Amino acid sequence: MFEALGEKLDGVLRRVRGHTRLTEKNIDEALREVRLALLEADVNFRVVKDFIERIRTHALGQDVLASLSPGQQLIKIVNAELVALLGGEQTELNLSARPPVVILLVGLNGSGKTTTAGKLARYLTRERKRTPYLIPADTFRPAAIDQLTILAQELGVPVYPTPNDGSAPDPIVVAQAGIAEAQKRGCDVAVVDTAGRLQVDDELMADLERMKTALQPHQTLLVADAMTGQEAVNVAQGFHQRLSIDGIILTKIEGDARGGAALSLRSVTGAPILFAGIGEKLDALEPFHPDRIASRILGMGDVLSLVEKAEKVYDQQQAEVLEKKLRKNQFTLEDFQEQMRMVRQMGSITDLVGLLPGAKKMLKGADMEGAEKEFKHIEAIISSMTKEERRKPELLNGSRRKRIAKGSGTSVVAVNRFLKQYLEAKKMMRRLSGAGGGKKMKKRLSLPAWGH
Amino acid sequence: MALRFWQRKKKTQPDSASPPVADTRTPAPITKDARWRRGLTRLRDLLRRPFDASSEQSRQSREAFFSDLEEVLIQADVGVETSLQVIDRLRAGMSGKSSQDEAEALRSDLKRELRSLLERGEQPVEGSDDACPRVILVVGVNGAGKTTSIAKLAARLKKEGKTVLLVAGDTFRAAAIEQLSIWAERLGLEIIKHRAGAPPSAVVFDGVRAAVARGVDVVLIDTAGRLHTKTSLMEELKKIHRVIGREVAGAPHEVLLVLDAGTGQNALSQARTFQAAFPLTGVILSKMDGSAKGGVALAVGSQLGVPIQYIGLGEQLEDFEVFSPDDFITALFDQPTE
């Protein structure tokens, strides 16, 4: 999402990179560009002003480190300030309170509260080993109760049966009854979904204030759309002044919005951005890492995210077995299939590539979904082989290849191309295992080793 | 009993630091003009700021005004590029002029510039109005306000005496079908729907067929929200578009993109990508009420030539107007006539 801003700053700072010293003049030029880029990225006007001033002070007051070029130095400063502005370290959702811990979700209409409530329940179950209870207290929007109830059923999470007969019950009463029910059932977190509202709607905001007083939530979280424009500051201010927000969840971050809203929201409320919504499915919620996002803004990629993602699905033991096989040059198509399956678990190719430094720029406009298709073809090709063939690819003669092409719905040319790629990958892996070995090897293996 | 649903609560006016505007306290039922003015209150207050400031400071310089104005336009999401263009033109227009009545001249110039931005997007809607059924496809990103906008548009069309059929084409999001069904029930309209998870093109096919068979005037097709960056979902939308065209020649007669007025510069990217999939005939600018935003509509109009056709000015069903640059500009700049 921050891609475009990253490219902009990159372009600007490349020019500075050519200079030998950071002078007031070339910093001014660079900062003017940074300012425009930030504004185009929807960072709020006032936030940009402060940001630029801070950068200027730091850049001029600091000695240029001997090991860095002036451009690198400026990138370092901009990066550090971005990280600071986004909240420094990653913050985990605080759940230390007497159960049931009440989480209240608030925000504008259409920011994604209900979907986020579902995602949050999944996160609480999977990542935090809690037993969440969902409470649909949006009694205004048609079918909002149905929506959360369906999501809860999909997740196998209990949900409060808010009356849904058109009687439009008082959300505070609903939420209170829901929390009591959560306690009765021994659920330790109660997630309360509320109706969307404008921060300037005095009466509806007063309703929320009353709700907050009545429920005493441990965490009041603002759900905000990453595509929000300049208004993000007013939204954050409006909700924060009346409800004192404990944290922010940034949704729809997977689009191509530059996401300046993130910077604005954080700097206005001082509340941490806890999560980022990265897709439509219920597992598409990730902890928000300010440091990583900042380096993504600067086009430095997000290697840490990738490694972490890879580690999550990559079984250490399997890696060791695989490594042994590689050493003996026994990397078969079965192993290839297995490795491919694991990489697929990490997410789509587009997601993965986005995390690699520089890759986005290199592959800008490349056909990611085409690559995704290619992946599926390869899976089909391997699946169309017999076990024997997978273990001994050298068996694959012309007629076998024809059969596989037919079975996988591809062509003999595609099968041949894939086998060639496989052999090359095998060769390369052998070289790697000869040179590296040990821990380093495992890391490498956890990345897709077969490009195309 | 149905009425209760539409009226969340009687609204009090948002209090803002700016001086109150008389008509915002007008009790219901309110006129169209008042609805416009109420929906644009905050944007109007924002745009007035540089003028107020300059008269107070007895105008040190024009440049101070332009710099204030630049800030204001950018804060209204007009975008850096468009804002700078507007200011350049204002500056050029003022050069050589005496400073007498400067504020008034600037004001009317700004009015003219903004109107011309809006009018650049204006174009006659293609296809004849008498197409029957008139098929309207509604698209947009998640949470833009598609379903609510459809309900408001349907209510409006029904009031005009048209027969309207709703098609629940969002089979993806949980309870989206229920949401549209509830609206259909409240509005007393027929709806074609399938089960959740069904292929959307199938329900759209059935919907368009049913509309032809029943001889309804207008078909409103809801679709699942999709971020424009998801190529596969955009392909799905193209397929829906093709299916409609196969069933009714020349259809869909309108493809409306719902844009949340709070969206920043990403709205341009959204409009561009949807536009690349099939021609958009217009934009529904949703959630325009309550705050100083929606400037991006100016940018979309001027840069993409897609006109804003409807505007959502509040949460109530009737807070939905056919967009007109005149009404918009009048509501932003002019004092109420009373």
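The values are calculated or read from the model by the stated rules, or taken from the named source; none is laboratory data. The shown structure was predicted, so the numbers you read here are calculated from the model rather than taken from an experiment. Note that each Cβ is placed from the backbone with ideal geometry, even for glycine, and that neighbours are counted across all protein chains shown. Only protein heavy atoms, including side chains, enter the accessible area calculation; ligands, DNA and RNA are left aside. Shrake-Rupley method; radii C 1.70, N 1.55, O 1.52, S 1.80 Å.
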Provide a single number: the residues in region B:204-225 that are closer than 17 Å to residue B:146 by Cα and either touching a Gly at 6+ places or on another chain (Cβ under 8 Å) or β-branched (Val, Ile, Thr) (or both).
8
Looking only at region A:254-277, how many residues end up being open to solvent by 10 Å² or more (accessible area, probe 1.4 Å), at pLDDT below 85 and within 19 Å of residue A:52 (Cα to Cα)?
1
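Of the residues that sit in region B:129-184 and are among the acidic types (Asp, Glu) and within 14 Å of chain A (Cβ to nearest Cβ), which one is nearest to residue B:260 (Cα to Cα)?
Looking only at region B:129-184, we keep the residues that are among the acidic types (Asp, Glu), and these are B:129-130, B:160, B:170, B:178.
If we keep only those that are within 14 Å of chain A (Cβ to nearest Cβ) as well, we get B:170, B:178.
Working: B:170: 18, B:178: 22 Å.
Filtering region B:129-184 for residues that are among the acidic types (Asp, Glu) and within 14 Å of chain A (Cβ to nearest Cβ), the one nearest to residue B:260 (Cα to Cα) comes out as B:170.
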Which one of these is open to solvent by 40 Å² or more (accessible area, probe 1.4 Å) and within 30 Å of residue B:314 (Cβ to Cβ): A:109, A:94?
A:109
Within region A:119-163, can you find the residues that are facing another protein chain (nearest Cβ under 9 Å) and buried (at least 18 other Cβ atoms within 10 Å of the Cβ)?
A:140, A:141, A:142, A:143, A:144, A:145, A:146, A:147, A:148, A:149, A:150, A:151
Which members of region B:302-312 meet the condition of being touching a strand residue (DSSP E or B) at 6+ places or on another chain (Cβ under 6 Å) and either over 15 Å from residue B:147 (Cα atoms) or away from chain A (no Cβ under 11 Å) (or both)?
B:306, B:307, B:308, B:309, B:310, B:311
All positions within region B:186-201 that are without any contact (Cβ under 8 Å) to a residue 40 or more places away in the chain and over 23 Å from the mean Cα position of the chain (by Cα)
B:188, B:189, B:190, B:191, B:192, B:193, B:194, B:195, B:196, B:197, B:198, B:199
Looking at residue B:176 and the list (1) touching a strand residue (DSSP E or B) at 6+ places or on another chain (Cβ under 6 Å); (2) crowded, with 23+ Cβ neighbours inside 10 Å; (3) at pLDDT below 95, which single condition is not satisfied?
(1)
Residues that are part of a helix (DSSP H, G or I) and more than 17 Å from residue A:337 (Cα to Cα), drawn from region A:384-404
A:395, A:398, A:399, A:400, A:401, A:402, A:403
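Evaluate the following for residue A:202: is it within 14 Å of another protein chain (Cβ to nearest Cβ) and free of Cβ contacts under 8 Å to residues at least 12 places away in the same chain?
Working: within 14 Å of another protein chain (Cβ to nearest Cβ): yes; free of Cβ contacts under 8 Å to residues at least 12 places away in the same chain: yes.
Considered against the rule, which asks whether it is within 14 Å of another protein chain (Cβ to nearest Cβ) and free of Cβ contacts under 8 Å to residues at least 12 places away in the same chain, residue A:202 comes out as yes.
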Against the condition over 21 Å from residue A:133 (Cα atoms), under 12 Å from the mean Cα position of the chain (by Cα) and open to solvent by less than 10 Å² (accessible area, probe 1.4 Å), how does residue A:288 come out, does it pass?
yes
Condition check: within 30 Å of residue B:112 (Cβ to Cβ), away from chain A (no Cβ under 14 Å) and not hydrophobic (A, V, I, L, M, F, W, C). Does residue B:289 satisfy that?
no
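Which members of region B:235-251 meet the condition of being more than 10 Å from chain A (Cβ to nearest Cβ) and either among the polar types (S, T, N, Q) or under 29 Å from residue A:251 (Cβ atoms) (or both)?
Within region B:235-251, the first condition is being more than 10 Å from chain A (Cβ to nearest Cβ), and the residues that meet it are B:236-251.
Within region B:235-251, B:236, B:237, B:238, B:239, B:240, B:241 meet the criteria.
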Those residues that are over 16 Å from residue B:256 (Cα atoms) and either open to solvent by 40 Å² or more (accessible area, probe 1.4 Å) or within 20 Å of the chain's Cα centre (by Cα) (or both), I need them from region B:150-173; list them, please.
B:155, B:158, B:159, B:160, B:161, B:162, B:163, B:172, B:173
Using the structure shown, decide if residue B:260 is at the interface with chain A (Cβ under 9 Å from one of its Cβ atoms), of a type outside the set (S, T, N, Q) and open to solvent by 10 Å² or more (accessible area, probe 1.4 Å).
yes
Does residue B:227 satisfy the condition of being more than 10 Å from every other protein chain (Cβ to nearest Cβ) and open to solvent by less than 20 Å² (accessible area, probe 1.4 Å)?
no
Just wondering, is there one or more residues in region A:111-130 that are under 18 Å from residue B:287 (Cβ atoms) and among the small types (Gly, Ala, Ser)?
yes
Criterion violated by residue B:298 - all others in (1) in contact with a helix residue (DSSP H, G or I) (Cβ under 7 Å, 6 or more places away or on another chain); (2) under 20 Å from residue B:152 (Cα atoms); (3) modelled with pLDDT under 85 satisfied:
(2)
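Condition check ((1) open to solvent by 10 Å² or more (accessible area, probe 1.4 Å); (2) in a helix (DSSP H, G or I); (3) modelled with pLDDT of 85 or more; (4) in contact with a helix residue (DSSP H, G or I) (Cβ under 7 Å, 6 or more places away or on another chain)) across all residues:
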{"position": "B:268", "(1), (2), (3), (4)": "yes, yes, yes, yes"}
{"position": "B:274", "(1), (2), (3), (4)": "no, yes, yes, no"}
{"position": "B:294", "(1), (2), (3), (4)": "no, no, no, yes"}
{"position": "B:306", "(1), (2), (3), (4)": "no, no, yes, yes"}
{"position": "B:315", "(1), (2), (3), (4)": "yes, no, no, no"}
Are there any pairs, at least 6 apart or on different chains, whose C-beta atoms fall under 6 Å, with the first in region A:247-266 and in contact (Cβ under 8 Å) with a residue 40 or more places away in the chain and at the interface with another protein chain (Cβ under 9 Å from one of its Cβ atoms) and the second hydroxyl-bearing (Ser, Thr, Tyr) and open to solvent by 10 Å² or more (accessible area, probe 1.4 Å), and if so, which?
A:255/B:229; A:256/B:229; A:256/B:269; A:261/A:228
State whether one or more residues within region A:211-228 are at the interface with chain B (Cβ under 10 Å from one of its Cβ atoms) and over 25 Å from the mean Cα position of the chain (by Cα).
no
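Output the residues belonging to region A:164-178 that are of a type in the set (D, E, K, R) and either surrounded by 15 or more Cβ atoms within 10 Å (Cβ to Cβ) or within 18 Å of residue A:209 (Cα to Cα) (or both). Steps first, please.
Going residue by residue through region A:164-178, those that are of a type in the set (D, E, K, R) are A:165, A:170.
Matches in region A:164-178: A:170 only.
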